[in-house]
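A short worksheet on the structure shown next.
The values are calculated or read from the model by the stated rules, or taken from the named source; none is laboratory data. All values reported here derive from a predicted model rather than from experimental measurement. In this analysis, Cβ positions are derived from the backbone assuming ideal geometry, glycine residues included, and neighbour counts consider all displayed protein chains. Side chains are part of the model used for accessible areas, which takes the heavy atoms of the whole protein and leaves out ligands, DNA and RNA. Shrake-Rupley method; radii C 1.70, N 1.55, O 1.52, S 1.80 Å.
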Amino acid sequence: MLRTPLHQYHLEHGAQMVEFAGWEMPIMYRWPDKIGGGGGIHEEHKQVRRSGGFFDVSHMGRVRIKGRHARRFLERICTRRISDMQNGQCRYSLVCNGNGGVMDDVLVYRLDDDEFLVVVNASNREKLLAHFENSKGDLVIECEDRTAKTAMVAIQGPRVMDLISRFSREIPTLKRYRFVEKNYLIMKLLVSRTGYTGEDGVEVILPANMVSMAMKMLLKDIGEGDETIIKPAGLGCRDTLRMEAGMPLYGHELGENINALASGLDFAMNLDKDADERGEPFIGMEALKKTRDAGGPTERLVGLLVDGKRTARAHMTVHAGGKHIGEVTSACLSPTLERPIAMAYLLSEHAEPGTRVTIDTGKDTKLEAEVCPLPFYKAPKPAAKAN
């Protein structure tokens, strides 16, 4: 298995390591006494919602695309409009196949007029690199996989920006989905106000060989014991956090056999890109237009509030009136809501909030649930500071 540049850090902080997309990654921690002890998925989740968590996301792919046709290439690859992005802006997008299925969801950073960075899911990196090569045609671009040369961390939670303000005035002023490149000593950091937890925070890309130095800088003032502002968090709570926030996960809510329009991510698809004088059709656009013009997808992604204490599981079937109407894609016991929640694709006529459904566990038992809109959780807006 591949290891990230933070592997030793994980071991020193009590991580339980597992295989994920070919990488050895922390699923959860048993925190050392010096940062308050405890740990586990439930505690890490609450730590992020209450204060802040530190995630290693170096397994995510980082691909730099540059050249005089870089923008045109990304217009062709991405469902989201790229031509009107500004330098220092990042934008969430999908990458589709010709049938309108989702190959991946990505984050595109505009570094300059002809230079971009694309962050992709770990499990799809090699597939997308091949897709990029096969799709560039006669466009003049260079595609560099920088995953092994860099590390990436996410620092998420309501107290994160206050902590960062102690050593940077600029970063806390960033708007959502904006980034800045900062020189610190002998290394360059790319810091974006983005995340995958539903909380405020940043994601930082840095040179792999500078991780030890950067860790001392990033986490030098995190408090001690129970007052620790930032504690390490693993993939386990990253999953429960993103579920509460209604964020899709590739292989669950997104996939090549799932029509992109069914995902509810309409904001990330510009089906009129070819009408822009600087734009051009993206791969899969015509298929998605046909779906739209035919009345939309037959299924829709919804949230489910599950009755009782039992948790559903992915791939459990959903029924209404004795009819099979869909399938659970993700589920967990929500630490914030303190009840089971799930995400599911249901036939569109059964996807209205308030609809009562039954989940078949496959063990002669049923779970009752109610359709609800996504997300399940929205972070409170920060209180206005006194002048």
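Here are the numbers for this structure:
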| item | result |
| --- | --- |
| Hey, SER212 in a loop (DSSP other than H, G, I, E, B) and farther than 20 Å from ASN124 by Cα or not | no |
| Residue that is surrounded by the fewest Cβ atoms within 10 Å (Cβ to Cβ), among those in segment 263-286 that are more than 25 Å from the chain's Cα centre (by Cα) and either among the hydrophobic types (A, V, I, L, M, F, W, C) or modelled with pLDDT of 95 or more (or both) | ALA275 |
| Only one of ILE141, ILE155 that is of a type in the set (Val, Ile, Thr), in contact (Cβ under 8 Å) with a residue 12 or more places away in the chain and within 15 Å of HIS69 (Cα to Cα) | ILE141 |
| Failed condition for LEU163, given (1) at pLDDT below 95; (2) in contact with a Phe, Trp or Tyr (Cβ under 9 Å, 6 or more places away or on another chain); (3) not basic (Lys, Arg) | (2) |
| Among the candidates ALA369, ALA351, residue that is buried (at least 17 other Cβ atoms within 10 Å of the Cβ) and either among the charged types (D, E, K, R) or under 18 Å from ALA262 (Cα atoms) (or both) | ALA351 |
| Answer from GLU256, GLU244 - the residue that is open to solvent by less than 10 Å² (accessible area, probe 1.4 Å), at pLDDT 95 or above and farther than 25 Å from GLY36 by Cα | GLU244 |
| Elements of type strands (runs of 3 or more DSSP E) contained in segment 143-205, each with 1 or more residues being open to solvent by 20 Å² or more (accessible area, probe 1.4 Å) | 179-184, 187-192 |
| Matching residues in segment 16-39 - criterion: being within 16 Å of PHE54 (Cβ to Cβ) and either of a type in the set (Asp, Glu) or open to solvent by less than 20 Å² (accessible area, probe 1.4 Å) (or both) | MET25, PRO26, TYR29, TRP31, ILE35, GLY39 |
